[in-house]
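Student: Let me begin by handing over the structure; questions about it come next.
The values are calculated or read from the model by the stated rules, or taken from the named source; none is laboratory data. Only a predicted model underlies this, so the values are computations on that prediction, with no experimental measurement involved. Note that each Cβ is placed from the backbone with ideal geometry, even for glycine, and that neighbours are counted across all protein chains shown.
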Amino acid sequence: MSSPSSSSSSASCPEEPVSTVSIDLHDWGYHHPLRSDWALRHLSLHIDAGQRVLLLGASGVGKSTLLQAMAGLLGAAEAGQEDEEGGLSEGALLVGGKPAGQAIGSSGLLMQDPQAQTIFERLADNVAFGPENLGLSRPDITSRVKECLGQVGLEDLQWHRSTAHLSGGQAQRLALAGVLAMRPGLLLLDEPTSMIDPPGSGDLVEAVSQVMERTHPTMVLVEHKADLWLPLIDRVIVLAPGPDERDPSSSRVTRVVADGSPEQVFKGQADLVESLGLWIPRLYRSSSSSASDHPADLQVDRTAHQSQAEGRTASSRPLLSVRNLAVGHTDEPIARGITMDFYPGQITALVGRNGSGKSTLALTLAGLLQPRSGRVTAGEDLRGRKDSVRPQDWSSPALAGRIQYVFQNPEYQFVTASVLSELVQSLRTADGRPGRSGKDPSESEIRQARDLMDTYRLDGLEEANPYTLSGGQKRRLTVASALAASPRVLILDEPTFGQDRAAWLSLVSTIRRLAMEGLCLIVVTHDEDFLKAVGARIVRFEEETDSGRGEMQIKVSPDSQRKEDKKQSSPSALISSLNPGFRLLGAIILCLIMVISLDLVSATVACVLSIGGLLLCGYRWSQIMKKSWIIWLGSLASAISVALYGQASGRVFLHWGIMEVSQGSLLLAAATSLRIIAMGVPAFCLVIGIEPTDLADSFSQCFHMPDRFVYGGLAGMRLFSLLQDDWASLSMSRRSRGVQSRSKVGDFLSQSFALLVLSIRRSSNLATAMQARGFGGPRERTHWRESRGLLKDGLYLLICILIPAIALMAAAWAGTFRFLGHTAA
């Protein structure tokens, strides 16, 4: 199996002509399944080929839906028909004069959720996937992978780095690298910098700028804060919902309320833009009628706010204390030696580069992750006098009433089927009645929940399923749910992600008010304007600390030191070097031939030959036992069962009720046990550890199986590999929400259902991401990773045939051969 190396030639890949496309919408609309209202309706719009458009609109107006439709991922082939997701489209959407569905592969879409776009386990494979679907040669793909990883600031990461170990911001950079590597004629970017640190945001804009200058694609960008992007933008389109004069029964249509150059829209129509709750870039803020609401002006109260916070801190005891803490997900901590206190009325911001450990520290403070070393303790004002000083020891209801955590991925936190129920659940936590009582909400609970919905601009969505909300709406719902639980400590991970100006200002006001009321707030964010507006104490995660900055700093290990050894698919170097498809085929052949006879001689010979072969290939006995312990356990259980209940013959040693142990049953038990070992142990040792991507490459290139079948199966295997991480995240989020009970069985069943829902959504999103990268398009696909069958693979298959064949011949020579376990008549 040949995999390209990160040390491959760094020569810039040759630029291929890009077919720049225009976009036309004629009375177009889309209705998501399970939603009562249309996401967009009666929208007409034309975008010239090569234009660079900033698409604005309040959260929930349908911007992300429109980008997915432009990428050809939504809507049936004909208007008025349901698509594969059950959604309904109307009107016409043309990309380059053709229906959008026919333009897949010529467009590149970056979606809001970076995890949904991570298709493969290894980092570089995700960048190569799009160029593979475009039919590029291996050298060109290698060059694009290296170039695009460098453009997005991931050049220091190993190409085999597991994507499971990336932060949210790093995953977003990786997704953008995969899009840029396609050199699309239509570039669709949905909030590309929302989860990325400020230095990284500038790097990403520069990377997109370079692609724009070289290939001149049409670009449609959705971004709430567009300051960095202004040099690339030549047109701004603002969308807003409005009443449908043609159809009174329809709740709304989607209108273009502003359209023109950045100066025409942000300067000439500033009042309109602000009335919709949208941001005015700094360059044009002097034209704003409410400029005092901008972040720069919100800093005015910062000094007073901080002095008030310091006064409250001086007169109170800490709610949380950290001493000599080390945090991380692996044996090597990301950061260590952390010592600090968190007080009532204090706002603490954890800031730093993507992957520096901010979220890891926040989860540890919340009692959801175990420290690598050191300790986190809760003050008596937070825990009371009876509970443990360690938050990780508290019960789920106790934790939820004291510390609430708003996760970076909102979907982990949803525990009910409607927006209203989510808020009611948290209100019951605040009243000391957490859990899933199943009772209908009271009038008081409904009234409080609706007040929260009005405050967080979720009105009209009380019956909507939380999973169907827009990214910004999901974020606001999780913040509202956390506050509804009335905690003493609130931890927010990227709370301003996906928020328009109105929601941002509301959140700033809420954070300030909560601090004045004595709540301890800890915020993980890259939003410098937000930090200034709320007057936060800044704790900065840096690889190199600077005592002169006047901020608390935590030294973190650099990415270059967090190396991952390249995974070996087997403890045996010889077995690792075999083609994965042939490895699997050999294991299957060995098992199938051993089924032919059930006798002691063939089973013994096969055991000796197969296990001896593993030892000769470099396995140690301890490694064999570790890989296949379940086979040994199963063989023992099977032997006991056959010995007690198998067909009796010869001398009887024990007879009690239905149990009868005889000479014949013991021989049959030994043969059964040894055959299980002879089949299972080598199969496990040969197959376990095979990398799914390498196996898929082998199926496609060596066995010529259809790519759609092979890589569709690979996506499914990728989902299975994520289940463990998702299960851990769901456990943490449900513990934080207070819904874990003392019934482990009930919690397991409830969380299993949540995992099922999440896995279904993941599979749908993953299929969408693969399609957005051109998979299944009209072009003939190439393969970046070469997979070939070599002479040693043929010899391996021959050995897998000879071992059971020799065992069967030995049984025939000894006269013990029993075809399928039956003695010949």
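Student: Can residue 191 be described as assigned by the TED database to the domain that holds residue 61, of a type in the set (Asp, Glu) and surrounded by fewer than 21 Cβ atoms within 10 Å (Cβ to Cβ)? Show your work before the answer.
Tutor: Working: assigned by the TED database to the domain that holds residue 61: yes; of a type in the set (Asp, Glu): yes; surrounded by fewer than 21 Cβ atoms within 10 Å (Cβ to Cβ): no.
When the stated conditions are applied, residue 191 does not pass them.
A quick yes/no check of all residues on (1) in contact with a strand residue (DSSP E or B) (Cβ under 8 Å, 6 or more places away or on another chain); (2) over 23 Å from residue 530 (Cα atoms); (3) modelled with pLDDT of 55 or more:
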{"site": "243", "(1), (2), (3)": "yes, yes, yes"}
{"site": "259", "(1), (2), (3)": "yes, yes, yes"}
{"site": "265", "(1), (2), (3)": "yes, yes, yes"}
{"site": "273", "(1), (2), (3)": "yes, no, yes"}
{"site": "277", "(1), (2), (3)": "no, no, yes"}
{"site": "281", "(1), (2), (3)": "no, no, yes"}
{"site": "285", "(1), (2), (3)": "no, no, yes"}
{"site": "321", "(1), (2), (3)": "yes, yes, yes"}
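Student: If residue 496 satisfies all but one of (1) of a type in the set (Val, Ile, Thr); (2) assigned by the TED database to the domain that holds residue 351; (3) at pLDDT 90 or above, what's the number of the condition it fails?
Tutor: If we test residue 496 against (1) of a type in the set (Val, Ile, Thr); (2) assigned by the TED database to the domain that holds residue 351; (3) at pLDDT 90 or above, just (3) comes out false.
Student: For the stretch 91-184, which fully contained helices (runs of 4 or more DSSP H) count at least 2 residues that are assigned by the TED database to the domain that holds residue 763, over 22 Å from the mean Cα position of the chain (by Cα) and among the polar types (S, T, N, Q)? Full working, then the answer.
Tutor: Working: elements: 123-133, 138-151, 168-180.
Helices (runs of 4 or more DSSP H) meeting the threshold: none at all.
Student: For the stretch 655-663, does any single residue satisfy the condition of being part of a helix (DSSP H, G or I), crowded, with 19+ Cβ neighbours inside 10 Å and not hydroxyl-bearing (Ser, Thr, Tyr)? Give the steps one after another, and end with the answer.
Tutor: Looking only at the stretch 655-663, we keep the residues that are part of a helix (DSSP H, G or I), and these are 663.
Filter once more, so that each one left must be crowded, with 19+ Cβ neighbours inside 10 Å: none.
Within the stretch 655-663 (the criterion being part of a helix (DSSP H, G or I), crowded, with 19+ Cβ neighbours inside 10 Å and not hydroxyl-bearing (Ser, Thr, Tyr)), the answer is no, since none of the residues qualifies.
Student: Report, by residue number, each residue of the stretch 164-188 that is surrounded by 23 or more Cβ atoms within 10 Å (Cβ to Cβ) and closer than 23 Å to residue 529 by Cα.
Tutor: Result: 169, 170, 172, 173.
Student: Against the conditions (1) modelled with pLDDT of 75 or more; (2) more than 16 Å from residue 607 (Cα to Cα); (3) surrounded by 12 or more Cβ atoms within 10 Å (Cβ to Cβ), where does residue 631 fall short? Just the number, please.
Tutor: Among (1) modelled with pLDDT of 75 or more; (2) more than 16 Å from residue 607 (Cα to Cα); (3) surrounded by 12 or more Cβ atoms within 10 Å (Cβ to Cβ), residue 631 violates only (2).
Student: Something else about it: What are the pairs, 6+ residues apart or on separate chains, where a residue within the stretch 678-700 that is farther than 13 Å from residue 583 by Cα and among the β-branched types (Val, Ile, Thr) has its Cβ under 6 Å from a residue that is modelled with pLDDT of 85 or more and outside any helix (DSSP H, G or I)?
Tutor: Short answer, once both residue conditions are applied: 693/120.
Student: Right, residue 460: of a type outside the set (D, E, K, R), part of a loop (DSSP other than H, G, I, E, B) and without any contact (Cβ under 8 Å) to a residue 60 or more places away in the chain or not?
Tutor: Yes.
Student: In this structure, is residue 508 of a type outside the set (Phe, Trp, Tyr), assigned to a strand (DSSP E or B) and either farther than 30 Å from residue 34 by Cα or assigned by the TED database to the domain that holds residue 197 (or both)?
Tutor: No, not satisfied.
A quick yes/no check of all residues on (1) surrounded by 14 or more Cβ atoms within 10 Å (Cβ to Cβ); (2) out of contact with any strand residue (DSSP E or B) (no Cβ under 7 Å at 6 or more places or on another chain); (3) at negative phi:
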site: 748; (1), (2), (3): no, yes, yes
site: 755; (1), (2), (3): yes, yes, yes
site: 760; (1), (2), (3): no, yes, yes
site: 764; (1), (2), (3): no, yes, yes
site: 771; (1), (2), (3): yes, yes, yes
site: 776; (1), (2), (3): yes, yes, no
site: 789; (1), (2), (3): yes, yes, yes
site: 797; (1), (2), (3): yes, yes, yes
site: 800; (1), (2), (3): yes, yes, yes
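Student: Of the residues 374, 355, only one is outside any strand (DSSP E or B), in contact (Cβ under 8 Å) with a residue 12 or more places away in the chain and touching a Leu at 6+ places or on another chain (Cβ under 8 Å); which?
Tutor: Unique residue meeting the criteria: 355.
Student: Further question on the same structure: Looking at residue 231 and the list (1) of a type outside the set (A, V, I, L, M, F, W, C); (2) outside any loop (DSSP other than H, G, I, E, B); (3) farther than 30 Å from residue 158 by Cβ; (4) in contact (Cβ under 8 Å) with a residue 24 or more places away in the chain, which single condition is not satisfied?
Tutor: Condition not satisfied by residue 231: (4).
Student: Among all residue pairs at least 6 apart or on different chains, which show Cβ distances below 6 Å where the first residue, located in the stretch 753-773, is assigned to a helix (DSSP H, G or I) and the second is polar (S, T, N, Q)?
Tutor: Partner pairs satisfying both residue conditions: 769/117.
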